[in-house]
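First comes the structure, then the notes that go with it.
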Amino acid sequence: MVDNFTKTLMSNTLNNDLKEQLVANFQATEGRLNGETKSAVHQTRRAAMQNFETLGFPTIKHEEWKYSNVSNLVKQAFDFSVKTEFGENELATLSIPNLEGNVLYFINGIYNPELSNIVSPESQLQILNFGKAVKENPTLLETYFAQYANYQNEAFTALNTAFAHDGVVINVPAGKVVEQPIILRFITDARSINVASQPRNLVVVGKNAEVKIAEAFRTMGENGAFTNTVTEIVVEENANVQYYKVQNDTEKSYHIGTTQVCQKQNSHFYAVTVTINGGFVRNNLNIVLDGQNCEAFMYGLYFPNGKQHVDNHTLVDHAQPNSYSNELYKGILKDKSTGVFNGKIFVRDGASKTNAYQSCRNVVLSDEATMNTKPQLEIYNDDVKCSHGTTTGKLNDEALFYMRSRGIPKAEAQTLLMYAFCEDVISQIKIDSIKEYLEGLIAEKLAQ
Amino acid sequence: MLTITDLQASVDDKAILKGINLEIKAGEVHAIMGPNGSGKSTLASVLAGREEYEVTGGSVDFDGEDLLEMSPEERAAVGIFLAFQYPVEIPGVTTINFLKTALNEIRKSRGEEPLDAAQFLKLMREKAKLVNIDDSLLKRSLNEGFSGGEKKRNEIFQMAMLEPKLAILDETDSGLDIDALRIVAEGVNKLRSPENAVIVVTHYQRLLDYIVPDYVHVLYKGRIVKSGPKELALELEEKGYDWIKAEVAATM
Ligand SMILES: Nc1ncnc2c1ncn2[C@@H]1O[C@H](COP(=O)(O)OP(=O)(O)O)[C@@H](O)[C@H]1O
Ligand SMILES: [Mg+2]
């Protein structure tokens, strides 16, 4: 009796260490893999797991995690079984109006073919969920999977790589212009239990090809949610990719995500990251400009309130000459929220004629909210144009008075000004349904 | 309509208005003149409700209501309009959107139905013609990158849209060439009626050739030191302010 009781107690204590839960889960999963363990993908998973075990979760002593503390996350117990009752009825409550295109649903990280709809012809677009791709297109995975995201040194990327079982693998063949956008909806159903999910995505966009992709994250329910996501995007020569990341999670959710982009010469990449809600959000956007005449644009918007924490880390690596990058992140912080912007620009010694611009602007509406901004420029070439700037301030009092003197009530004038502040980022979103969805959410959030 | 009694105001503990008395009746046009730094803009701002100015004494009655108790938006709703000396640039908010919001808020506070998009556009076209302001300007962000003259015309356009009872024009003429000046003045004159009143704050007599005032007041060091008929403006133009300053000095 006593022994059993002690055992239960012990296992409960153990279960509250997330790292140990993950190690145990990795082993259990591996045991069920049956033959796949010899595959190249699984060898990578195993190596990544070893890295994770060595690295452990980062603490605030780690320079890149100084302002983003995951100590509460790593003490929680999560369910990895991903069981969910989520279906059409639940979806109806979370629907995005006028959603058109290739819409794929991942519930608790697992692809749901019933809810999903792929409309583009296969000649334009090959979409497989990760598990299927491992079996049906191993060459693609062997060529690209885990070749870009750093699972050697980044604990969360290592962890995601170790657990890379689902997510999406997208291949746009050379010369194809995918007319319909791809919208990936990652829904965490935390209504009955703490849920962990680790989607892993790979997007390969061939020479001269074009595609628009949105990742929309949403959490429902009152329990904890831990989403650790990695998306690798390869933009081949002269290809054009628009990438949108949209987050509307809950106060108890943790989202850690890395988008790793590799651009080949003459390619164009646009990213817009919008965080509406999320208890703890860490977005890493890393772009390597591995070719000449590339253009990379990074936009971000975040609206933390309450005790929310939003951390955007961006990295542009100008590895080759003659490329251009431009970055604009904007945030509005309320209540006791915290924000982090860390923008790194690397210009390698060979990367002459680089143009790199970065700007981060914030409106902090409460004395108890904090924004930490850190631009980091590491430039090893003299023949470059680089600039960066960060501002943190309040709403413009003159403008407020002007608007009020015309009859617009204070609260509404503030909302209008805040919305106007966001406008130049919102206008970068080129998928209509996503833009309208966000406009609604932003207006709602700003009026709170 | 407006009764200002012994109005005193300060900013950062510095007294700027030191006892203003002024009575304005419906249908009248009052010009307020005076050297730079006299407190003309301060008076205009206090009437519009700018919070950085602290009212330290006196009262302002507008149609039987205590104006000083009202928020800026409430003042707009009862019919006060200030054309700013320095209109503010607001990136990201178009003039159209801004004015539609403003107009419908004012209508709402008066218990009127909001205008729909078509009604609003019709009204806007009509008023834009009145002040000769281009459609394309109105689609842009409010005052952003506007020339000085465009900003001033935009102020008068907004006034035309909102149809205030009491319009306060703070140096709307400064920086305008003679054509623009005439357009602005015509805009104001078209809005004059027995029911509303205008306060024209200006440095120069020339605007008053077009907007003919019933009274001219000289504001100096936070007080109205002289009032008279429209001819006073001509006299000031001719002789400058030194004789007024001397008169004030003599009485002190
Ligand atoms: N916001 C302010 N802060 C400090 N001083 C001010 C402010 N506004 C006006 N003043 C001062 O008050 C006085 C009157 O200014 P103002 O009303 O602008 O005069 P006018 O419009 O007649 O030129 C000036 O001495 C000016 O420097
Ligand atoms: Mg002035």
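The values are calculated or read from the model by the stated rules, or taken from the named source; none is laboratory data. Here the structure is a predicted model, which means the values were calculated and not measured. Heads up, the Cβs are rebuilt from the backbone with ideal geometry, glycines too, and the neighbour counts pull from every protein chain shown. SASA here: full protein model, heavy atoms, side chains in, ligands and nucleic acids out. Shrake-Rupley method; radii C 1.70, N 1.55, O 1.52, S 1.80 Å.
Couple of notes before you dig in:
- Trypsin sites (Lys or Arg not before Pro) within the stretch A:43-74, DSSP loop, no more than 11 other Cβ atoms inside 10 Å: A:LYS61
- Pairs beyond 28 Å (Cα-Cα), from B:LYS25/B:LYS226; B:LYS25/B:LYS221; B:LYS122/B:LYS165: none
- Interface A:B - total buried accessible surface [probe 1.4 Å, Å², rounded to 100]: 2000 Å²
- Sorted into 10 angstrom bins from 0, the C-alpha pair distances of chain B split as 7, 31, 36, 21, 5, 1, 0 percent.
- Entry comment: accessible area of the protein assembly as shown is 42 Å² per residue, from protein heavy atoms only and a probe of 1.4 Å.
- Residues A:HIS388, B:HIS203 ordered from highest to lowest accessible area at a 1.4 Å probe: A:HIS388, B:HIS203.
- Stretch gain in nm, segment B:GLU231-B:VAL11, where the contour uses 0.36 nm per residue and the Cα spacing is subtracted: 75.9 nm
- Shielding by partners, peptide B:82-88 (average Cβ within 10 angstrom, other chains): 3
- Scaled radius of gyration (Cα, divided by 2.2 N^0.38 Å) that chain A gives: 0.98
- Judged by the mean number of other Cβ atoms found within 10 Å, the most tightly packed of the peptides A:160-170, B:12-22, A:408-418 leads the ranking A:160-170, A:408-418, B:12-22.
- Accessible surface of B:MET1 - all protein chains present, 1.4 Å probe, nearest 10 Å²: 40 Å²
- Shielding value for B:101-114 is 3, the average number of Cβ atoms from other chains within 10 Å of each residue's Cβ.
- For chain B, built as a Gaussian network whose Cα springs stay under 10 Å, the top-fluctuating residue of B:LEU162, B:LEU121, B:LEU43: B:LEU121
- Reduction of at least 30 Å² in accessible surface, 1.4 Å probe, comparing all protein chains with the chain by itself, residues of the stretch A:403-448: A:MET403, A:ARG404, A:SER405, A:ARG406, A:GLY407, A:ILE408, A:PRO409, A:GLU412, A:LEU416, A:ALA420
- Counting only protein heavy atoms and a probe of 1.4 Å, the accessible surface of the protein assembly as shown is 47% carbon and sulfur.
- Per-residue shielding of B:43-51, expressed as the average number of other chain Cβ atoms within 10 Å of the residue Cβ, stands at 2.
- A:LEU91-A:ASP349 FRET efficiency (beta carbon distance; Förster radius 51 Å; 0.05 resolution): 0.50
- Charge dipole (chain B, unit charges on Cβ, about Cα centre) - positive-most of B:LEU115, B:VAL78, B:THR42: B:LEU115
- Per-residue packing, averaged as other Cβ atoms within 10 Å, sorts the ranges A:283-292, B:170-179 into the order A:283-292, B:170-179, beginning with the highest.
- The magnitude of the dipole of the stretch A:41-181, with charges of +1 and -1 set on the Cβ of Lys/Arg and Asp/Glu and taken from the Cα centre, is near 500 debye.
- FRET efficiency for the B:SER147 to A:ASN34 pair, using the beta carbon distance and R₀ = 60 Å, is estimated at 0.20.
- Zone of B:ARG206's modelled label, taken as backbone nitrogen in the stretch B:140-158 under 20 Å from a point 7 Å along Cα→Cβ: B:147-156
- Förster radius 30 Å - calculated FRET efficiency between A:GLU436 and A:LYS410, Cβ distance, rounded to 0.05: 0.65
- Solvent exposure ordering (accessible area, 1.4 Å, most first) of B:GLU74, A:GLU114: A:GLU114, B:GLU74
- Sparse-neighbourhood loop sites, GluC sites (Glu not before Pro) in the stretch A:328-401 - DSSP loop, at most 13 other Cβ within 10 angstrom: A:GLU368
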